[in-house]
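Step one of this worksheet: look at the structure below.
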Amino acid sequence: MRTRLALEGQTSVLVPRLDPNASYPPSSAAVFYNPRMELSRDISVACIQALDNNQRDNRRLTYLDALAGCGIRGLRVANEAQVEVTVNDYNLAAYELIKRNARRFQQNVHVEHRDANALMSEARFNVIDVDPFGSPAPFVDAACRSASKMLCVTATDTAPLSGAHFSAGVRRYSALPMNTEYHAETGIRILIGTIIRELVKYDKSATPVLAHATEHYYRAYLLLDRSAELANACVRSMGFIAHCFTCGHRYGLPGLFPTLRPDCAICGAKLAVAGPLWLGTLHDQKFCRQVLENIETGVFGTKRRAAKIVTLCLNELDTVTFFDYHKLLRELKCPPVPIETLVSGLRTVGCRASRTHFSGTSIKTDADADTLKRVLLDLSCESEKARLNRR
Ligand SMILES: C[S@@+](CC[C@H](N)C(=O)[O-])C[C@H]1O[C@@H](n2cnc3c(N)ncnc32)[C@H](O)[C@@H]1O
Ligand SMILES: [Zn+2]
């Protein structure tokens, strides 16, 4: 296999040379490598550095890159977050390349050539990173048993999680996905909910500290604790989302076995439902601030984009859904207003509102669908009048 030296962050790693003409270049070599995931790896490194600052009790953290490919993610964590790293892949060519790469590091990097589930069933790690092809579902149970402080999980099977491939979503996550304008958020909440349902079996709890939907993948970071009481609290933050496709009304319904009223309280149409899923917060402000500081002060190739995502997450309102206001504008047949005008207009009438990292044309608000439409209509009329007056 032909390789080249790739520099990401402060770490250079041998990666396979990809065939740019292949239908999917990251899979064109014997070892998987996707240069486009540098953004995800940059944020991961900043998160582990944040854990380093917050969670360490003067002991070296152990970290497993369970599905490592060429090892770039785990090796960067070893080099840039000074963590004791194990890098694992069951593909022999990947294992050989990781070994070559690991020799180039001063730090103690362990390399394994194991099935990830077998390794996680036998050994315990403080932090586990599960970054698979497609769905993380086959690795969640073993990862939940093994990890003690943090889980970092990627899902690239966004179609099943977001309701576009409904049956696959139900099969993999034992949950009903739903294809709405906020499907990415529902998808991440189903992913986190699946992880939490596995964790609580072992009297472990989780606090999601950062979760983002970017390009073709979802990524979630969860801090873990071992406590039956906290696990019970986690279960209380599980639930469903009820959605009315007629008027846009939606709400979170707490509980794993709630009673759902079948009809929309606003317009009487039949409600659709998604879940079980995580209804709690997706981001922890203190953690995200530390991650942002790490990104801004560190050496990261995707610094600007990574900082933008984390800043949006940091300032995101903790509602369980969001509204695409361009969709509302089309529905109301009214001219656009800047998104910041809508956010401040909602705040003026006493509602909470923020932008969201999920979509540049969407907002999070505790206003109900009717209030939102009314505010949008008023603002749109005002701005149209002002525009005509200027003529
Ligand atoms: C998406 S790639 C990993 C990319 C890598 N984390 C990165 O950031 O570049 C998934 C890897 O998981 C490995 N893999 C898949 N199933 C596995 C299993 N059961 N045990 C160990 N490795 C596995 C594949 O060989 C592949 O290299
Ligand atoms: Zn309705």
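The values are calculated or read from the model by the stated rules, or taken from the named source; none is laboratory data. Fair warning: this is a prediction, and the values are worked out from it, not measured in the lab. Don't worry about glycine lacking a Cβ; one is built from the backbone with ideal geometry, like all the others, and counts go over all protein chains shown.
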Checklist line | Tally, over the range 98-147, of residues that are touching a residue at least 60 places away in the same chain (Cβ under 8 Å), in contact with a Leu (Cβ under 7 Å, 6 or more places away or on another chain) and more than 22 Å from Ser205 (Cα to Cα) | finding: 3
Item checked: Out of Glu198, Glu181, sole residue that is of a type in the set (Asp, Glu), in contact with a Phe, Trp or Tyr (Cβ under 9 Å, 6 or more places away or on another chain) and in the same structural domain as Tyr221 (by TED's automatic domain parsing) -> Glu181
Next item on the list: Could you tell me which of the residues Glu84, Glu122, Glu80 is in the same structural domain as Tyr221 (by TED's automatic domain parsing), more than 16 Å from ligand 2 (Cβ to nearest atom) and more than 26 Å from Leu199 (Cα to Cα)?
Entry: Glu80
Check: So which of Asp366, Asp318, Asp324, Asp378 ends up being farther than 26 Å from Pro276 by Cα and either at pLDDT 95 or above or among the charged types (D, E, K, R) (or both)?
Finding: Asp378
Next item on the list: Hey, can you tell me all the residues within the range 265-294 that are of a type in the set (A, V, I, L, M, F, W, C) and either farther than 14 Å from Gly187 by Cα or not assigned by TED's automatic domain parsing to the domain that holds Tyr251 (or both)?
Entry: Ala265, Ile266, Cys267, Ala269, Leu271, Ala272, Phe287, Cys288, Val291, Leu292
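Kindly establish whether Leu222 is outside any helix (DSSP H, G or I) and either more than 16 Å from ligand 2 (Cβ to nearest atom) or outside the structural domain of Tyr173 (by TED's automatic domain parsing) (or both).
yes
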Notebook entry, point to check: Within the group Pro138, Pro160, Pro132, which residue is away from ligand 2 (no atom under 16 Å from the Cβ) and crowded, with 21+ Cβ neighbours inside 10 Å?
Noted result: Pro160
Margin query: Name the single residue that is farthest from Tyr33 (Cα to Cα) among those in the range 65-92 being within 9 Å of ligand 1 (Cβ to nearest atom) and among the aliphatic types (A, V, I, L, M).
Written below: Ala66
Check: How many of the residues in the range 5-45 are basic (Lys, Arg), modelled with pLDDT of 95 or more and more than 25 Å from Ala213 (Cα to Cα)?
Finding: 0
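Condition check ((1) farther than 23 Å from Thr361 by Cα; (2) within 16 Å of ligand 1 (Cβ to nearest atom)) across all residues:
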site: Leu176; (1), (2): yes, no
site: Tyr182; (1), (2): no, no
site: Glu185; (1), (2): no, no
site: Ile192; (1), (2): yes, no
site: Val200; (1), (2): yes, no
site: Lys204; (1), (2): yes, no
site: Glu215; (1), (2): no, yes
site: Gly268; (1), (2): yes, no
Note to self: When the residues of the range 227-269 are narrowed to those that are basic (Lys, Arg) and more than 24 Å from Gln285 (Cβ to Cβ), which ends up surrounded by the fewest Cβ atoms within 10 Å (Cβ to Cβ)?
What the structure shows: Arg261
Next item on the list: Please specify each residue of the range 270-304 satisfying the condition of being within 16 Å of ligand 1 (Cβ to nearest atom) and part of a strand (DSSP E or B).
Entry: none
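Determine, yes or no, whether Gly350 is touching a strand residue (DSSP E or B) at 6+ places or on another chain (Cβ under 9 Å) and over 15 Å from Glu181 (Cα atoms). Before you say what the answer is, go through the steps one by one.
Working: touching a strand residue (DSSP E or B) at 6+ places or on another chain (Cβ under 9 Å): no; over 15 Å from Glu181 (Cα atoms): yes.
Answer is no for this residue.
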Check: If you check Ile48 against the conditions, is it within 16 Å of Ile128 (Cβ to Cβ), modelled with pLDDT of 95 or more and crowded, with 24+ Cβ neighbours inside 10 Å?
Finding: yes
Next item on the list: Determine whether the range 229-245 contains at least one residue that is among the acidic types (Asp, Glu), more than 16 Å from ligand 2 (Cβ to nearest atom) and under 16 Å from the mean Cα position of the chain (by Cα).
Entry: no
Next item on the list: Considering (1) in contact with a Gly (Cβ under 8 Å, 6 or more places away or on another chain); (2) under 16 Å from His212 (Cβ atoms), say which one Phe323 fails and leave the rest.
Entry: (2)
